[in-house]
Amino acid sequence: MIREIIEKGDAVLNKRCHPVTRFDHKLSLLLSDMRQTLLESGGVGLAAPQVGILRRAVVVMNEQEEIYELVNPEIVETSGEQEGWEGCLSLPGRYGWVKRPMKVKVRAQNRKGEWFEVEEEGLTARCFCHEIDHLEGHLFDELCDVTYSAEELEKMEAAQQQEKEAAGSEE
């Protein structure tokens with residue numbers, strides 16, 4: 001079932017989520033719904049509070065389009081650094097420049113309660129951090145000075161391209 005994605009302004013997004021303690025049919029249904037909702041949305045990650053459930057569960061799609069289901073996830077190791085544009089399904093059409101680790105190792109449980117670890121880098125590492133932040137009641141816009149619309153981003157990128165071309169013709 002596709003669930004409604006809650007947007008910024010709803011108090012549920014600012015609350016810390018409770019650990020999952022029951023690995024039952026209800027959890028499996030939530031994770032399956034979150035997976036479907038993520039695929040339908042075109043996003044790369046979704047946390048339970050974004051669909052109104054204050055439980056520590058997220059789904060993240062990696063760059064090979066495989067979906068991780070992470071229950072009670074915790075970041076156990078990070079390395080490196082990356083900066084880049086970030087958006088969020090709960091802040092539709094808004095983007096900000098955010099600094100995150102380049103590589104992230106996460107320890108989590110699957111839908112059966114079995115512990116595992118997964119390590120990713122780049123966009124997927126960024127997504128792990130972003131979604132786990134949701135479980136603590138934080139949104140990405142807390143990590144950047146300003147957010148931009150897609151139209152504002154396009155204008156900025158076009159201006160940068162013009163500057164590069166102008167600099168190239170001066171040589």
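The values are calculated or read from the model by the stated rules, or taken from the named source; none is laboratory data. Owing to the predicted nature of the structure, the values given are computational and were not obtained by experimental measurement. As a convention, Cβ positions derive from the backbone with ideal geometry for all residues, glycine included, and neighbour counts pool all protein chains shown. Calculation scope for accessible area: heavy atoms of the full protein, side chains included, ligands and nucleic acids excluded. Shrake-Rupley method; radii C 1.70, N 1.55, O 1.52, S 1.80 Å.
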Between a residue in segment 5-21 that is closer than 12 Å to A47 by Cα and any residue that is open to solvent by 80 Å² or more (accessible area, probe 1.4 Å), which pairs come within a Cβ distance under 6 Å, given they are 6 or more apart or on different chains? C17/R55
So is V60 modelled with pLDDT of 95 or more, in a strand (DSSP E or B) and closer than 21 Å to G122 by Cα or not? yes
What are the pairs, 6+ residues apart or on separate chains, where a residue within segment 79-103 that is touching a residue at least 60 places away in the same chain (Cβ under 8 Å) has its Cβ under 6 Å from a residue that is in a strand (DSSP E or B)? W85/Y95
Given the options T21, T37, T78, name the one that is polar (S, T, N, Q), modelled with pLDDT of 95 or more and in a loop (DSSP other than H, G, I, E, B). T21
Cβ pairs under 7 Å, 6+ apart, first in segment 50-63 and of a type in the set (K, R), second open to solvent by 30 Å² or more (accessible area, probe 1.4 Å): R55/H18; R56/H18; R56/P19
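Among the residues of segment 110-118, is any open to solvent by less than 50 Å² (accessible area, probe 1.4 Å), of a type outside the set (F, W, Y), part of a strand (DSSP E or B) and under 30 Å from K26 (Cβ atoms)?
Checked against the condition, which is being open to solvent by less than 50 Å² (accessible area, probe 1.4 Å), of a type outside the set (F, W, Y), part of a strand (DSSP E or B) and under 30 Å from K26 (Cβ atoms), segment 110-118 yields at least one hit.
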Which of the residues spanning segment 119-171 are part of a loop (DSSP other than H, G, I, E, B) and open to solvent by 30 Å² or more (accessible area, probe 1.4 Å)? E136, H138, D145, V146, T147, E170, E171
Qualifying positions in segment 89-108 - open to solvent by less than 20 Å² (accessible area, probe 1.4 Å), within 28 Å of V20 (Cα to Cα) and of a type outside the set (V, I, T): S90, L91, R100, A108
